[in-house]
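Below is one structure, written out as structure tokens; comments come after it.
Each reported figure results from applying straightforward, stated rules to the coordinates on display, with no laboratory input. Note that the structure is a prediction, hence the values are computed from the model and not measured. All Cβ positions, glycine included, derive from the backbone under ideal geometry; neighbour counts span all protein chains shown.
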Amino acid sequence: MLSGQGYITDDAVSMAVFLSMQLQKPLLVEGPAGVGKTEIAKVMANALETDLIRLQCYEGLDATHALYEWNYQRQLLHLKATEQSAQSVEEKEATIFGQNFLLKRPLLQAITHHRKPVLLIDEIDRSDEEFESFLLELLSDWQITIPEIGTIKATHIPQVILTGNRTRELSEALRRRCLYLYIDYPDFEKEWLIVKNKVPGIDDRLAEQICRFIEVLRTLQLEKTPGIAETLDWAFALSGMHLDHLDRSIIEQTFGVILKDWKDTRRVQLSLSELLERTGIQSKFDDL
Amino acid sequence: MITRHTALSANIVAFCRFLRKKGFTLSAEEEADALRSLEWIDYTKPAELRDALRAVLCRNRRNLEAFDALFQQYWKELEKAVDSKIAQQEHRKPKPGRQQEAFKSLKTWLNGNQEKEEERTAYYGLSENLNRRDFAAVPADEVDELMRAIRALSRRLAAHLNRRRQATRQHASLDLRRTLRANLRRGGELLDLAWNKPKRNRAKLVVLCDVSQSMELYTAFLLQFLYAFQQVFRRVETFTFSTDLQRITPLLRERNYEEALQVLSSQPLGWSGGTKIGHALDTFVRDHAPRMLDSRTSVIILSDGLDMGETELLTNALVRIRAHSRRIIWLNPLAGYAAYQPQTAGMQAAWPHLDVFLPGHNVDSLRKLGRWLGA
């Protein structure tokens with residue numbers, strides 16, 4: 001299913017995705033930045049031909065932003081407009097706290113969607129613990145209680161993907177609700193396939209050199225190890241320049257695409273010769 | 001075919017038990033999931049069965065890393081033994097629980113924590129003597145009493161800090177939700193306006209504790225003291241070090257004290273290794289600092305500063321930590337002695353980079369620490 005969407009994967013990943021769909025359980029995906037965690041959800045939504053609803057987590061995310069909020073402005077306008085009418089207070093109250101005045105945020109959207117959506121809760125480990133426990137409630141009951149309206153039950157249980165890159169340890173309770181999948185940096189063959197697949201028209205030799213170089217780069221202890229996203233950016237940039245091989249000066253000129261920390265850049269610059277040797281890339285000057 | 005299926009189901013249940021002994025947390029739900037997933041896969045292929053069970057039974061990365069080997073081990077044993085249950089029992093070898101003498105007191109404390117914490121010994125009942133007494137000088141039979149006192153004290157301080165205001169009379173920002181609610185009875189005419197003030201953003205805390213032999217007891221008391229503050233801070237990260245750095249946050253959070261103890265006692269102890277605080281802090285800066293430190297994070301370091309490592313490493317690490325955090329608080333129990341001067345090489349190097357320097361050697365000084373945590 002996944003490979004049909006141009007997602008290069010291995011058995012462990014596809015099995016986890018498959019079982020999470022069969023068992024109707026959320027899938028918790030962890031791994032370093034830029035290995036395609038978020039991509040899984042997008043590909044899944046595509047393959048299932050359904051919508052992707054995404055909730056990006058951040059510090060301080062609370063229920064108002066994740067769940068629902070009343071459209072106060074609209075409520076006020078409505079009250080003003082009906083000022084002269086003979087409606088009783090109770091009637092007015094019933095109207096303005098109706099579905100029409102409800103702003104649906106991603107979570108409420110997901111459970112009231114007209115068909116089974118894929119719900120991506122991105123970087124759950126960035127949210128606060130309070131939010132995590134709130135989410136726990138939703139994931140087990142699939143219903144949301146809004147004091148003014150009552151309980152809203154899920155029309156379809158969404159297919160949930162949670163991602164995290166271990167900036168914070170998630171609670172055992174949340175883990176228990178989910179299937180767990182860890183995605184690491186791909187090995188050379190897998191990455192090469194991904195590059196070939198995603199960057200059409202790239203030179204074979206260039207693709208191979210790019211992947212080899214990145215592979216060696218990842219063995220260094222960098223502040224920000226380049227992920228697949230960086231590899232692809234680099235491949236796009238280089239193939240856009242119609243290059244067919246890597247050499248020292250090209251690498252030096254395009255550092256900015258793969259290295260996002262000045263200390264890393266300096267470090268790689270210093271050890272570039274050694275890296276190139278390990279990669280087997282020759283510098284222009286060596287040829288002379 | 002049916003008999004074979006039954007045998008497989010039984011084996012999967014047995015396998016789950018086997019995993020539990022190896023430290024997996026599995027409930028009946030996971031077992032059921034594992035059995036259900038057999039429906040959808042081709043379980044005659046070992047690789048597919050393995051992938052499926054791994055997806056269902058693993059909870060975290062540690063589990064994942066251990067899983068493949070355990071899977072192989074189990075099924076190999078199964079082939080050898082006709083009866084799976086016998087095979088499984090052979091596996092059950094009790095781990096030799098070697099208990100370091102130095103951690104006896106810590107263990108009593110850890111275990112003591114699991115008991116009901118309802119008995120709130122009045123803090124004021126603590127004799128003046130015990131308030132001032134150096135932790136190292138507390139006789140073993142009074143350790144419990146002191147721990148309880150510290151727990152009560154820290155809870156009181158923490159509760160005080162936790163009182164967050166939300167609604168306010170200042171005209172900060174309009175609380176529409178409350179305003180509408182309050183004015184509905186007037187038919188929607190907005191007369192009374194409600195205001196709110198953003199909740200105070202709570203600070204974070206990183207604790208680095210020296211667990212070399214001389215410091216072990218102080219660390220125990222400090223951790224006990226900080227335990228109550230977990231609720232106050234948005235996040236508390238705890239590390240221990242002697243020669244190497246260990247992150248024990250998950251252990252303390254899951255209240256898995258038994259495991260926390262094992263990690264602590266697996267550290268090389270005593271004078272042979274020595275404390276390499278520079279090295280430990282350097283590791284912290286490299287591996288953890290970028291995602292743990294920000295301008296709202298206070299860093300507490302508990303160490304006697306008898307550094308055996310390079311002072312340059314220590315200085316560099318402190319400079320970086322200070323640049324990225326709110327403040328560095330250094331607790332040094334030796335400073336409890338009136339005649340103390342920071343003359344060890346490590347302390348000399350660290351001194352210019354600290355924001356707060358406290359002894360942290362008795363209840364009184366912990367109370368002072370509490371004041372800094374609030375600010």
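Of A:A207, A:A173, A:A154, which is the most mobile in a GNM of chain A whose springs link Cα atoms less than 10 angstrom apart?
Maximum among the listed residues: A:A173.
Go ahead and set up a Gaussian network model of chain A, Cα springs under 10 Å, then flag whichever of A:H114, A:H245, A:H156 fluctuates most.
Top of the fluctuation ranking is A:H114.
So how do A:210-222, B:214-226, A:256-268 stack up, highest first, on mean other-Cβ count within 10 Å?
Output ranking for A:210-222, B:214-226, A:256-268: B:214-226, A:210-222, A:256-268.
Springs between alpha-carbon atoms under 10 Å, Gaussian network over chain A: tell me which of A:Q159, A:Q143, A:Q22 tops the mean-square fluctuations.
Among A:Q159, A:Q143, A:Q22, the largest mean-square fluctuation in the Gaussian network model of chain A belongs to A:Q22.
Could you check how many percent of all C-alpha pairs in the stretch B:1-77 are farther apart than 19 Å?
27 percent
Shielding by partners for A:9-16, please: the mean number of other protein chain Cβ atoms within 10 Å of each residue's Cβ.
Average neighbour count from other chains, rounded to a whole number: 5.
Compute the separation of the alpha-carbon centres of the stretch A:66-96 and the stretch A:135-151 and state it in Å as a whole number.
About 23 Å separates the Cα centre of the stretch A:66-96 from the one of the stretch A:135-151.
So which aspartates and glutamates can B:K80 reach, going by Cα to Cα under 15 Å and dropping same-chain residues fewer than 8 places off?
Result set, ordered by chain and number: B:E90.
Take A:I157 and B:D144, extend 7 Å from each Cα along the Cα→Cβ direction, and tell me the distance between the two endpoints in nm.
Modelled inter-label distance: 4.8 nm.
For B:L208, list long-range residues whose amide hydrogen, built 1.01 Å from N in the peptide plane, is under 5 Å from its own amide hydrogen.
HN-HN under 5 Å from B:L208: B:F239, B:I300, B:I301, B:L302.
Give the dimensionless ratio obtained when the Cα radius of gyration of chain A is divided by 2.2 N^0.38 Å.
1.30
Expressed as a whole percent, how much of the Cα-Cα distance distribution for the stretch A:9-126 exceeds 20 Å?
57 percent
Angle check, please: helix A:129-141 long axis (alpha carbons) against the longest principal axis of chain A (alpha carbons), in degrees 0 to 90, nearest 10.
Long axis of A:129-141 versus the principal axis of chain A: about 70 degrees.
Average partner chain C-beta neighbours within 10 Å, per residue of A:179-189?
3
Using all alpha carbons of the stretch A:161-217, what is the percent of pairwise distances in each 5 Å bin, ordered from the shortest bin to the longest?
4, 15, 21, 14, 11, 10, 13, 8, 4, 1
For the stretch A:36-103, count the residues as N, evaluate 2.2 N^0.38 Å, and divide the Cα radius of gyration by that value, please.
This ratio for the stretch A:36-103 stands at 1.73.
So what's the angle, to the nearest 10 degrees on a 0 to 90 scale, between helix A:11-22 and the longest Cα principal axis of chain A?
10 degrees
Where does helix A:37-47 land angle-wise versus the long Cα axis of chain A, in degrees 0 to 90, nearest 10?
70 degrees
Please report, in whole Å, how far the alpha carbons of the stretch A:132-185 spread along each principal axis, starting with the longest.
Rounded to whole Å, the extents work out to 46, 21, 16 Å.
Let me know the mean shielding of B:39-50 by other chains, meaning the per-residue number of their Cβ atoms within 10 Å of its Cβ.
Mean shielding count: 2.
Starting from 0 in steps of 10 Å, tell me what percent of the Cα-Cα pairs of the stretch A:188-276 lands in each bin.
Pair shares across the bins are 17, 57, 25, 1.
Provide, for q = 0.13 Å⁻¹, the log10 of I(q)/I(0) from a solvent-free Debye sum over equal Cα point scatterers in the stretch A:102-220.
-0.71
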